[in-house]
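The values are calculated or read from the model by the stated rules, or taken from the named source; none is laboratory data. Given the structure is predicted, the values throughout are model-derived calculations rather than measurements. Cβ sites come from the backbone with ideal geometry, for glycine too, and all protein chains shown count toward neighbours.
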Amino acid sequence: MSNNASLNPVISMLGRRLRLAVIGGGPGSFIGAMHRQAARLDDRYELVAAALSSNPEKSIAAGRELGLAAERCYADGMALLHAESKRNRDTQNGADDGADVVAIMTPNDSHFKFAFAALALGFDVICDKPMTNTLQEATQLHQRVSDTGLVFCLTHNYTGYPMVRQAKAMVANGELGEIRLVQAEYVQGGRAAAGPGKKAWKEDPARGGPSLVMGDIGTHAHNLLRFITGLEVSQVAAEVGSIVPERITHDFAGALLRMSNGARGSFWVTQAAAGVENALRIRVSGSLGSLEWQQECPQALTFKPLGAPSQNRTPNGPGTLPLAARSSRIVAGHPEGFHEGFANLYSDAAEAIAARRSGQVVNPLALHFPNSLDGLLGVKFVAAVIKSSQADGAWTAA
């Protein structure tokens with residue numbers, strides 16, 4: 001982040017970095033590496049413990065490859081949680097060196113189990129999306145977070161991009177006027193061919209959730225439009241299904257939206273658009289102008305004011321607002337992207353965790369990371385899209 005490393009707010013508050021333990025994300029995991037790199041980018045955390053695989057031997061070996069002490073490489077996640085909790089209670093010989101924070105990046109069906117247990121043992125939690133597979137689990141987990149007062153960060157990493165945060169700040173400042181239209185789409189081509197994907201568990205509804213495309217990328221698009229506009233989706237008229245022959249899991253979803261302020265919207269996601277890579281896009285239109293942003297060109301936020309020439313905003317460029325400036329590490333004209341967006345969430349969560357642990361007041365700009373309420377509303381949105389589709393697109397409360 002733009003904060004200088006010598007002014008590391010976590011060290012300023014705690015006198016040390018946060019001790020991080022990770023569950024999942026072992027060999028072959030793309031997202032596991034992202035989590036670990038994001039945690040280190042701004043020097044807020046040190047990795048102290050891991051359970052990296054559901055295979056005990058692989059888990060321990062992978063932990064050793066990361067340079068962890070043998071006794072902090074665990075065969076499974078529950079063993080990690082209980083052992084690290086015990087280290088925090090053991091003050092003999094100056095121990096008390098267990099993990100402060102647990103990051104969870106396992107298959108979707110175990111997010112609830114590990115997160116709920118971690119909160120019960122007093123750990124702050126960082127969890128990959130979607131928060132859970134079912135609405136019941138999401139409701140219970142959000143309640144547990146509320147009851148404990150612990151920090152819960154859900155890694156919808158696109159909300160960490162500087163120009164996404166610039167868009168949010170511009171909407172909040174009234175530069176678009178009254179929001180009237182929202183259009184969000186997330187288009188990928190990774191499942192355009194028939195047959196199972198690289199991660200078979202994602203195509204098993206018991207593990208990956210009731211809708212592959214909605215859990216995998218639909219929750220990202222939903223979270224992004226909520227983050228930027230500050231509005232909620234009140235109703236959906238949706239269709240969800242598969243367009244690749246013989247596929248039984250969902251690879252596309254589309255919906256018309258009614259927003260909480262009366263605005264209208266459209267939502268479209270697919271993983272079966274042949275040749276497309278990672279085309280997440282959003283347009284927000286108000287009474288005074290429109291904003292447009294796309295993830296594949298993340299440095300550019302286009303502002304089209306009513307009756308005036310189009311403007312292009314860039315990270316740390318002219319007109320950058322404080323929330324966006326906080327989220328950039330380098331000077332204007334230099335690219336930042338996926339890693340840095342992920343790291344912004346980790347860094348914001350670190351400040352909130354350190355403030356909670358030290359009894360200090362957290363910087364309000366550090367409180368824009370997705371939390372358990374965002375996770376609950378994401379799971380609720382998935383359920384509403386499925387319910388509407390099953391009713392032939394009938395308007396359904398979200």
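Just so you know, in segment 37-57 the residues that are acidic (Asp, Glu) and touching a residue at least 24 places away in the same chain (Cβ under 8 Å) include one that is nearest to Leu345 (Cα to Cα), and it is Asp42.
Got at least one residue in segment 82-101 being touching a residue at least 40 places away in the same chain (Cβ under 8 Å) and of a type in the set (Val, Ile, Thr)? Scanning segment 82-101, I find at least one residue that is touching a residue at least 40 places away in the same chain (Cβ under 8 Å) and of a type in the set (Val, Ile, Thr), so the answer is yes.
In the condition set (1) loosely packed, with under 14 Cβ neighbours inside 10 Å; (2) closer than 21 Å to His339 by Cβ, Ala70 is compliant with all but (2). Within segment 164-193, restricting attention to residues that are touching a Pro at 6+ places or on another chain (Cβ under 9 Å) and part of a helix (DSSP H, G or I), the residue that is farthest from Glu232 (Cα to Cα) is Gln166. Taking segment 95-113 as the region of interest, how many residues are of a type outside the set (A, V, I, L, M) and within 18 Å of Gly378 (Cβ to Cβ)? Number of matching residues: 7. Looking only at segment 234-248, residues that are of a type in the set (Val, Ile, Thr) and over 30 Å from Met259 (Cβ atoms) come to 2 in all. Selection over segment 322-377 of residues that are part of a helix (DSSP H, G or I) and not charged (D, E, K, R) gives a count of 28. Consider segment 316-359 and keep the residues that are crowded, with 22+ Cβ neighbours inside 10 Å and among the charged types (D, E, K, R). The one that is modelled with the lowest pLDDT is Glu340.
Cβ-Cβ distances below 9 Å connect the following pairs, each with a first residue in segment 257-269 that is free of Cβ contacts under 8 Å to residues at least 60 places away in the same chain, a second residue that is not charged (D, E, K, R) and not in a strand (DSSP E or B), and a separation of six or more residues or different chains: Ser260/Leu231.
Looking at Ala95, is it modelled with pLDDT of 95 or more and of a type in the set (Gly, Ala, Ser)? Judged against the criteria, Ala95 is not a match.
Here's the yes/no breakdown for (1) modelled with pLDDT of 95 or more; (2) more than 29 Å from Lys199 (Cβ to Cβ):
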| position | (1), (2) |
| --- | --- |
| Ala21 | yes, no |
| Ile31 | no, no |
| Ala39 | yes, no |
| Leu52 | yes, no |
| Ala69 | yes, yes |
| Asp76 | yes, no |
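When residues in segment 251-284 are screened for being under 21 Å from Arg165 (Cα atoms) and within 21 Å of the chain's Cα centre (by Cα), 8 of them pass. Residues that are within 23 Å of Arg356 (Cβ to Cβ) and touching an Asp or Glu at 6+ places or on another chain (Cβ under 6 Å) are absent from segment 40-47. Residue check: is Tyr186 among the hydroxyl-bearing types (Ser, Thr, Tyr), in contact (Cβ under 8 Å) with a residue 24 or more places away in the chain and out of contact with any strand residue (DSSP E or B) (no Cβ under 6 Å at 6 or more places or on another chain)? No.
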